[in-house]
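K.L.:
The structure under discussion is supplied below as structure tokens; questions concerning it will follow.
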Amino acid sequence: FFPQLIAGPIVKFKEFNPQLLTSFNRLLKRDLLYVGLFIFSIGMLKKIIFASYLSSISDPIFLDIYNEKQIGTIDSWVGLIAFSLLIYFDFSAYSDMAIGLALCLGFKLPINFFSPYKSTSLREFWKNWHITLSRFLKEHIYIPLGGNKCSNLKCFNNIFITMLLGGIWHGASWNFLIWGLYHGFLLNIEKIISKMKIIQNIKIK
């Protein structure tokens, strides 16, 4: 399905197949068309205005780092923040455009981003960032491995494997492999802290 083929959202067949029977009746239907074009326009705004502008800020800084040029603390932070916003607006834009275009054709695709940078924990972040990928990793890797219905050590291992494969999904390079391990490590640390807080609260009571 070409609107979401490149960057998602990742759609289950059981979500998509029933719509094939009714999509022709909703094709270019006025109400859906207006809403779809509005969502598509928001995506284009994110991509053309915000992502492109942020790219013009972050790219020269990262190019200097790649060329082993020394950069200052302020430039480092500017590059980091600009790139963090860039990847959100870039990826979120593609999802919005896919959802909007699909709606014009009579199909409803799932929301893929829900204010991830407002999250107060890494776990919450992954529930709101590329939602359909997080769901796919959870249902097809994490839960089949045993999820959290096992010993603590096995559960930590399941998180590591899931995030490692999530990193490889983004690209076949050492950078993404390390990125996956890094997020798996942080999620495990967060889980340990959460368990410690629960135990502490029980003792206090």
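The values are calculated or read from the model by the stated rules, or taken from the named source; none is laboratory data. Quick caveat: nothing in here was measured; it's all calculated off a predicted structure. Methodologically, a virtual Cβ is constructed for each residue, glycine included, from the backbone with ideal geometry; neighbour enumeration extends over all protein chains shown. Calculation scope for accessible area: heavy atoms of the full protein, side chains included, ligands and nucleic acids excluded. Shrake-Rupley method; radii C 1.70, N 1.55, O 1.52, S 1.80 Å.
K.L.:
Rg and Dmax of segment 45-164, Cα atoms, in Å?
P.N.:
Rg and Dmax of segment 45-164, Cα atoms, are 18.3, 52 Å.
K.L.:
A follow-up question, please. Taking Cα pairs under 8 Å and at least six residues apart, what relative contact order does the chain come out at, in percent?
P.N.:
That works out to 22 percent.
K.L.:
Take every Cα pair under 8 Å in segment 1-122 that's 6+ residues apart, average their separations, divide by the length, and report that relative contact order as a whole percent.
P.N.:
Relative contact order comes out at 45 percent.
K.L.:
Further question: Could I have the simple spin-label model distance between Ile161 and Met44, label points 7 Å from Cα toward Cβ, reported in nm to one decimal?
P.N.:
4.6 nm
K.L.:
If you don't mind, another one. Among 128-137, 41-50, how do they line up from the highest to the lowest mean number of other beta-carbon atoms within 10 Å?
P.N.:
128-137, 41-50
K.L.:
Would you rank Leu28, Leu105 by solvent-accessible area, highest first, keeping every protein chain in place and using a 1.4 Å probe?
P.N.:
Largest accessible area first, the residues go Leu28, Leu105.
K.L.:
Separate question: In the neighborhood of Lys46, defined by Cβ-to-Cβ distances under 9 Å, what is the net charge if each Lys or Arg adds +1 and each Asp or Glu adds -1?
P.N.:
-1
K.L.:
May I ask for the equivalent-ellipsoid semi-axes of the chain, computed as the square root of five times each C-alpha gyration tensor eigenvalue and listed largest first in whole Å?
P.N.:
33, 27, 16
K.L.:
Summarise the accessible area of segment 56-129 (1.4 Å probe, protein heavy atoms) by the percent that is carbon and sulfur.
P.N.:
63 percent
K.L.:
Also, quick follow-up: Give me the 1.4 Å probe accessible area per residue for the chain, excluding ligands and nucleic acids, in Å².
P.N.:
Dividing the accessible area of the chain by its residue count gives 66 Å².
K.L.:
If r is the Cβ-Cβ distance from Phe16 to Arg135 and R0 is 22 Å, what FRET efficiency results, to the nearest 0.05?
P.N.:
Using R0 = 22 Å, I get an efficiency of 0.95.
K.L.:
Please report, in whole Å³, the volume per residue of the convex hull around the C-alpha atoms of segment 78-131.
P.N.:
64 Å³
K.L.:
For Pro60, what charge total do you get from the other residues with a beta carbon under 14 Å from its beta carbon, if Lys and Arg give +1 and Asp and Glu give -1?
P.N.:
Net charge around Pro60: -2.
K.L.:
Next up: Work out the charge dipole of the chain with +1 on the Cβ of Lys and Arg and -1 on the Cβ of Asp and Glu about the Cα centre, then indicate which of Ala51, Ile65, Asn112 is farthest towards its positive end.
P.N.:
Asn112
K.L.:
So what is log10(I(q)/I(0)) for segment 122-204 at q = 0.15, 0.23 1/Å, when the Debye sum runs over its Cα atoms only?
P.N.:
Values, matching the q order: -0.55, -1.14.
K.L.:
Give me the distance in nm between label points sitting 7 Å out from Cα along the Cα-to-Cβ direction at Ser55 and Phe185, one decimal.
P.N.:
3.1 nm
K.L.:
In addition: What number, rounded to the nearest 500 deg cm²/dmol, is the helix-based mean residue ellipticity at 222 nm of the chain, given -39500 (n - 2.57) per DSSP H run of at least four residues and division by all its residues?
P.N.:
Using -39500 (n - 2.57) per qualifying helix, the result is -22500 deg cm²/dmol.
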